[in-house]
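S.K.: Would you mind keeping the following structure in view while I ask a few things?
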Amino acid sequence: MKMGQVILVGAGPGDPGLLTIKGRQAIESAEVVVYDRLVSPAILDMIPPDAERINVGKESSHHLVPQEGINQILLEKALEGKRVVRLKGGDPFLFGRGGEELELLAEHGVDFQEVPGITSAIAVPAYGGIPVTHRDYCSSVHIITGHQRAGKPLDIRFDALVKTGGTLVFLMGVAALENICRGLLEAGMDPDMPAAVVEKGTTPAQRPILATLSTLPDVAKEKQVKSPAIIIVGKVCSLSGQFDWFDKLPLKGKRVIVTRPKERAGTLSHRLRALGADVTEFPCIETVPYDPCTEMEQAVENIDGYEWLVFTSPAGVSALMDMLYRTGRDVRALGRIQLAAIGPGTDRELRKHGLHADLIPEVYDGAHLGQALCLKKPAGKVLILRAQWGTPALTDALDSCKIPYDDIRCYETRYTCPNSQQVRELVANDHAPIVTFTSASTVKGFTAALGNVDLSNITAACIGVQTEAEAKKHGLNTITAKKATIDALIQRIVEGD
Ligand code: SAH
């Protein structure tokens with residue numbers, strides 16, 4: 001029988017960008033993923049669709065699977081021959097009970113590996129502007145659990161800790177915060193020692209709170225600090241005001257819903273997150289190439305009859321390349337035809353296939369593309385490969401200068417709504433979410449998926465005028481990029497209303 005394997009993977013402290021490359025590779029090749037409450041949804045999205053997901057930290061029902069149960073699940077799945085990933089917040093071996101999970105596996109001779117993660121103990125202070133060591137302030141850092149068993153005193157040697165003069169980092173300490181601070185004071189620490197709590201660190205909801213050892217419990221109570229949070233005590237906390245880079249990001253905490261098709265959402269989401277935004281991906285459309293697409297095949301057979309080949313989206317390029325491959329051909333079938341792309345995104349897709357657009361209009365929309373082609377005064381026909389809902393602006397422009405063309409539909413745009421309930425709740429509860437629209441069809445997909453939800457509090461961030469016009473038709477408040485590029489769209493979102 002094939003023996004499975006368990007890989008214990010540290011998922012990092014919250015920001016999905018802090019997952020390691022090795023961790024990501026393990027998740028992407030997993031057959032079963034057993035995960036905890038603190039793992040970010042963007043990381044869970046990396047799990048292959050056909051892999052089994054087991055949530056052992058369901059917050060909603062407060063029904064945690066006990067540790068022995070988790071150990072047992074890992075063992076059973078491995079004995080079934082599965083490649084199992086055990087995903088844990090932060091680093092699996094730092095107050096993560098990773099060691100306990102390996103014991104049973106070791107006893108049964110199950111193959112395992114451990115992929116360390118970025119621990120919240122260091123990353124959360126860092127995102128709060130606190131370097132855990134600094135040569136001018138300390139020569140050690142100590143990581144302590146503040147977890148207090150019911151009815152028992154804290155099992156911490158405060159006197160020893162105070163003597164080190166090092167930075168003290170407490171995990172799981174929110175409930176015991178008052179006792180921790182009292183313990184340190186009684187052991188002789190200076191009441192004015194800088195101290196901080198960083199709540200939900202490295203996430204868009206991060207809240208850093210600065211105080212001193214004597215004032216921290218009251219300040220934290222007043223601000224209603226909740227778990228997960230990290231307590232930091234030491235002179236390094238005084239640097240926070242100077243180094244607090246994360247909370248100063250231009251989109252920090254701003255809710256943004258990204259509506260691109262899944263395969264194209266990556267860059268936009270990633271860049272919005274890097275600016276501090278709280279991004280939810282809502283791939284409410286998908287593009288599906290026609291297979292077979294006889295019209296496109298015939299056009300390629302007669303490619304010499306055309307002078308220009310025109311694409312209005314990266315999906316058109318992919319549909320053509322898929323068809324060439326499927327029918328045993330490759331780009332050489334395109335001969336010496338000239339290529340026009342609606343904008344840089346489509347040109348980038350061409351570049352993936354070793355091609356280069358000969359023409360990109362100055363303004364990236366159908367009307368300007370048509371006008372730019374007119375200026376080229378082609379003697380031969382134009383071949384347009386695009387979606388079934390292509391804008392008439394392109395063909396109107398060609399008609400007006402009497403250029404002959406074939407307008408072939410090579411893919412269709414379908415509406416999907418994988419997580420529409422979650423998005424409905426976001427739209428209803430968040431006070432002013434931004435929704436990005438990179439085409440008129442994303443507007444149609446979004447409004448169709450949400451049904452009759454009140455959309456008056458959202459701001460539709462549109463990539464261009466056609467998208468804006470579609471959004472206005474649905475009564476949305478809009479802001480529009482100055483140029484139809486992802487860069488300009490992000491710029492517009494940062495500028496705000
Ligand atoms: N293995 C984890 C720690 C698990 S113990 C790691 O290496 O990070 C759980 C504690 O970690 C929480 O009580 C809290 O103190 C801390 N923690 C985890 N994620 C956090 C976050 N995003 N912000 C603040 N504290 C966090």
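The values are calculated or read from the model by the stated rules, or taken from the named source; none is laboratory data. Quick caveat, the model's predicted, so the values are computed rather than measured. We place every Cβ from the backbone using ideal geometry, glycine too, and count neighbours over all the protein chains shown. SASA here: full protein model, heavy atoms, side chains in, ligands and nucleic acids out. Shrake-Rupley method; radii C 1.70, N 1.55, O 1.52, S 1.80 Å.
S.K.: Residue farthest toward the positive end of the dipole of the chain, with Cβ of Lys/Arg at +1 and Asp/Glu at -1: which of C374, I27, H142?
M.R.: Farthest along the dipole direction, towards plus: C374.
S.K.: Could you give the distance between the Cα centres of region 283-297 and region 226-245, to the whole Å?
M.R.: 52 Å
S.K.: Distance in nm between label sites at E80 and Q67, each 7 Å beyond Cα in the beta-carbon direction?
M.R.: 2.5 nm
S.K.: With runs of 4+ DSSP H residues as the only contributors, calculate the mean residue ellipticity of the chain at 222 nm using -39,500 (n - 2.57) per run, divided by the residue total and rounded to the nearest 500. List each step's numbers first, then the result.
M.R.: Values: 19 runs with 172 residues, N = 497.
One gets -10000 deg cm²/dmol as the mean residue ellipticity at 222 nm.
S.K.: Further question: Taking the Cα centroid of region 421-497 and of region 76-107, what is the distance between the two, rounded to the nearest whole Å?
M.R.: 42 Å
S.K.: Positive end of the dipole of the chain, charges at C-beta (+1 Lys, Arg; -1 Asp, Glu), about the Cα centre: which of T416, G98, L385 has its Cα farthest in that direction?
M.R.: L385
S.K.: Something else now. With each pseudo-label sitting 7 Å past Cα toward Cβ, what's the S456-Q388 distance in nm, one decimal?
M.R.: Taking the two extended label points, one gets 3.6 nm.
S.K.: In whole angstrom, how far apart do the alpha carbon centroids of region 318-373 and region 126-187 sit?
M.R.: Measuring centre to centre over Cα atoms gives 60 Å.
S.K.: How much length, in nm to one decimal, is gained on full extension between A205 and D407, taken as 0.36 nm per residue of separation minus their Cα-Cα distance?
M.R.: Working: separation 202, 0.36 × 202 = 72.72 nm, distance 4.79 nm.
Difference between extended and current length: 67.9 nm.
S.K.: What distance in nm separates the two pseudo spin-label positions at Q242 and A428, each 7 Å out from Cα along the beta-carbon direction?
M.R.: That separation, rounded to one decimal, is 4.9 nm.
S.K.: Would you list Y405, Y325, Y411 from the most to the least accessible area, probe 1.4 Å?
M.R.: Order by accessible area, largest first: Y325, Y405, Y411.
S.K.: Then there's this: Kindly identify region 240-281 as rounded, prolate or oblate by the Cα gyration tensor criterion: order the square roots of the eigenvalues as a ≥ b ≥ c, call it rounded if a/c is under 1.5, otherwise compare a/b with b/c, prolate if a/b is larger, else oblate. Show your work: numbers first, answer last.
M.R.: Working: a/c = 4.93, a/b = 2.72, b/c = 1.81.
Because a/c hits 1.5 or more and a/b exceeds b/c, region 240-281 counts as prolate.
S.K.: Using θ = phi - 60° and the Karplus form 6.51 cos²θ - 1.76 cosθ + 1.60, what ³J(HN,Hα) does each residue of region 12-28 get, whole Hz, x for Gly and Pro?
M.R.: After applying 6.51 cos²θ - 1.76 cosθ + 1.60, I find x, x, x, 4, x, x, 8, 6, 7, 4, 5, x, 4, 4, 5, 4, 5 Hz.
S.K.: Per 0.36 nm of contour for each residue apart, how much would the distance between A333 and L249 grow if the chain were fully extended, relative to their Cα-Cα spacing? Walk me through the numbers before you get to the answer.
M.R.: Working: separation 84, 0.36 × 84 = 30.24 nm, distance 4.84 nm.
Going from the current span to full extension adds 25.4 nm.
S.K.: Can you bin the chain into rounded, prolate or oblate? Criterion: square roots of the alpha carbon gyration tensor eigenvalues sorted a ≥ b ≥ c, rounded for a/c under 1.5, prolate for a/b above b/c, oblate for the rest. Intermediate values should be presented prior to the final figure.
M.R.: Values: a/c = 2.75, a/b = 1.90, b/c = 1.45.
Since a/c reaches 1.5 and a/b is larger than b/c, the shape of the chain is classed as prolate.
S.K.: Sticking with this structure for a sec: Tell me the trypsin sites (Lys or Arg not before Pro) within region 208-294 that lie in a loop according to DSSP and have at most 13 other beta-carbon atoms within 10 Å.
M.R.: On the way: sites: K221, K223, K226, K235, K248, K252, K254, R255, K262, R264, R271, R273; in loops: K223, K226, K252, K254.
Listed in order of number, the matching sites are K223, K226.
S.K.: With a 1.4 Å probe and every protein chain kept in, tell me what percent of the accessible surface of the chain is carbon plus sulfur. Walk me through the intermediate numbers first.
M.R.: Numbers: 12220 of 23840 Å².
Whole-percent figure for carbon plus sulfur exposure: 51.
S.K.: Can you bin region 356-411 into rounded, prolate or oblate? Criterion: square roots of the alpha carbon gyration tensor eigenvalues sorted a ≥ b ≥ c, rounded for a/c under 1.5, prolate for a/b above b/c, oblate for the rest.
M.R.: Working: a/c = 1.38, a/b = 1.20, b/c = 1.15.
Verdict is rounded for region 356-411.
S.K.: For region 6-99, give the share of DSSP beta bridges that are antiparallel, in percent and rounded to the nearest 5; count only bridges with both residues there.
M.R.: Here the share of antiparallel DSSP bridges comes out near 5 percent.
S.K.: Counting DSSP beta bridges in the chain, what percent are antiparallel, to the nearest 5? Numbers along the way, then the final one.
M.R.: Values: 20 of 75 bridges.
Approximately 25 percent, going by the DSSP bridge assignments.
S.K.: What is the gain in length, in nm to one decimal, between K223 and R348 on full extension, counting 0.36 nm per residue of separation less the C-alpha to C-alpha distance? Intermediate values should be presented prior to the final figure.
M.R.: Working: separation 125, 0.36 × 125 = 45.00 nm, distance 4.80 nm.
Working it through step by step, the gained length comes to 40.2 nm.
S.K.: Heavy-atom accessible area per residue, the chain, 1.4 Å probe: how many Å²? Mind showing how you got there, number by number?
M.R.: On the way: 23840 Å² over 497 residues.
Per residue, the chain has an accessible area of 48 Å².
S.K.: Straight-line reach from K381: which lysines have a Cα under 18 Å away, not including same-chain ones fewer than 8 places off?
M.R.: K402
S.K.: Still on this structure: Counting only pairs 8 or more places apart or on different chains, how many lysine pairs in region 36-187 have C-alpha atoms closer than 30 Å?
M.R.: On the way: K58/K77; K58/K82; K58/K88; K58/K152; K77/K88; K88/K152; K152/K163.
The result is 7.
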